[in-house]
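Computed from the coordinates by the stated procedures, all read-outs in this text should not be read as laboratory data. Fair warning: this is a prediction, and the values are worked out from it, not measured in the lab. Here Cβ is always computed from backbone atoms with ideal geometry, including for glycine, and neighbour counts include all displayed protein chains.
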Amino acid sequence: MDNYVYIIGNKIYINLTNRCSNRCDFCIRQGRKGMGDTPLWLSEEPTAADVIEQLPLNLDDYDEEVVFCGFGEPTYNLETLDEVASYLHCVDKTTRINTNGQANLIYNGDVTDVVVTSCDVINVSLNECNAQKYQQHCKSVFGEKAFDGLLDFARKCREKGGNVVFSVVDSIGEEDIAECKKLAKKMGIPLRVRVKE
Ligand code: SF4
């Protein structure tokens, strides 16, 4: 059975797709089948009904925030994301997306309206401080324009009132983290530095 929903601690996560425009060196999918005991490779992408069916019945017992984050870039399955988010908002949950920020490149058009409406927190993985380094480690199908694309995505989400946060992993080193901080500050977007697991 495909797992569209998985739980870590008290938090519900939603796994919408295995498609991704990147092939990051550090991707959690490398050599793994899933998270914990839950396999996350999918044979088919879910509809909203498929996801909702797998949500726990006792939703109130879980964290208020539900996270779109699985074995792929969630915005590849944007229609399902949008419908599931509407459902979650109706049952008093908030939503967060962990995204590579390349949705506008993936759709070759601006889809930030949908993302801002669906996701209460938009966590964009900045990963690196410039286009060259980003491409070196993340290997986007869009090449070096992926980095500017994700900055533009973040800017647009923010302009539309989205709660946007950048994230980097501390393993990129102090100098690059300092550059990322400068960039994030210039854009007025908070930066979260995560400790490498
Ligand atoms: S963007 Fe995320 S899912 Fe895609 S390859 Fe990178 S770490 Fe993996």
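Here is a list of conditions, (1) within 16 Å of the ligand (Cβ to nearest atom); (2) free of Cβ contacts under 8 Å to residues at least 40 places away in the same chain, and Ile106 meets all of them except one; can you say which number that is?
Only one criterion is unmet by Ile106, namely (2).
Say we look at segment 4-44 and pick out the residues that are away from the ligand (no atom under 16 Å from the Cβ) and farther than 25 Å from Asn58 by Cα; which of these is surrounded by the most Cβ atoms within 10 Å (Cβ to Cβ)?
This residue is Glu44.
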